[in-house]
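Chemist: First, the structure itself, so that you have it in front of you.
Please treat every number below as a calculation from the coordinates, not as lab data. On a predicted model such as this, the values are computed, not experimentally measured, just so you know. Cβ atoms come from the backbone with ideal geometry, glycine included; neighbour counts cover every protein chain shown.
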Amino acid sequence: MSQTIIAPSILAADFANLQRDIEMVNNSEADWFHIDIMDGVFVPNISFGMPVLKAISKHAKKTIDVHLMIVDPDRYIRTFAELGSDVLTVHYEACPHLHRTLQAIKTEGMKAGVALNPHTNVSLLEDVIQDIDLVCIMSVNPGFGGQSFIENTYDKVKQLKKMIEAKGATTKIEIDGGVTNKNAKQLAEAGADILVAGSYVFGATNPTQTVKDLKTLLN
């Protein structure tokens, strides 16, 4: 099994000590930075915007995985590329012209991701799965950190994995929400490639060790 990618979610970091937490991720065994951009419209919360992402990009030494929980993401695709995003994920529910949006993301040189809310069926991606680099399955309702994991996620991952293999696609599966040492291994076994961990990492007494333990558990 290939190495599972660990992507700490910066939404759970200490914003008053953001540089310290970015350095922690840089120096830990984590693989990616996961950054949630929320507009207060698509989800009932507002997170950081462009200036904060710009500041993170300046210090981050690893892949920057940006998750847009916003309406009309097409307006900002180029901006996010300019701010240093390596992966740009849009919500299926926010994109009436998903294929066009995916092409626009790739044109800007980024990997294209699609996120699915808990109630959205993975089968809706069947026609575009070959154009998607990453599918982000929301294992909590998007908008707030620290929620508990939705158990149906395992079945969604298995179903999605089957579809990816049947279509001969190379799409990676990312899980976002409620990831801990209690479900990480089971998620990887179901077919997940990337695990986003927020409060589990940043809320730990020793975040660096927590990331290391997750890596050990998975690989």
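Chemist: Run lengths n ≥ 4 of DSSP H only: what is the helix-derived mean residue ellipticity at 222 nm for the chain, with -39500 (n - 2.57) per run over all residues, to the nearest 500?
Modeler: -9500 deg cm²/dmol
Chemist: A further question on this structure: Which of E189, E93, E174 has the fewest other C-beta atoms within 10 Å, and how do the rest follow up to the most? Intermediate results must be reported in sequence, preceding the final value.
Modeler: Working: E189 13, E93 17, E174 25.
Lowest count first: E189, E93, E174.
Chemist: Based on the alpha-carbon gyration tensor of the range 127-199, what equivalent-ellipsoid semi-axes (square roots of 5 times the eigenvalues) come out, in whole Å, largest first?
Modeler: The three semi-axes for the range 127-199 are 22, 13, 10 Å.
Chemist: Also, I was wondering about something else. In Å³ and rounded to a whole number, note down the convex hull volume per residue for the Cα atoms of the range 97-219.
Modeler: For the range 97-219, the hull spanned by Cα atoms encloses 120 Å³ per residue.
Chemist: If we count other beta carbons within 10 Å of each Cβ, what is the order of T107, T153, fewest first?
Modeler: T107, T153
Chemist: Could you put M69, M50 in order, starting from the residue whose Cβ has the fewest other Cβ atoms within 10 Å?
Modeler: Values: M69 26, M50 13.
Ascending number of Cβ neighbours within 10 Å: M50, M69.
Chemist: Binning at 5 angstrom from zero up to the longest distance, how are the C-alpha pair distances of the range 5-218 distributed in percent?
Modeler: 1, 7, 17, 20, 22, 17, 11, 4, 0, 0
Chemist: Same structure, new question: Tally Lys/Arg at +1 and Asp/Glu at -1 over every other residue whose Cβ is under 14 Å from the Cβ of A184; what's the total?
Modeler: -3
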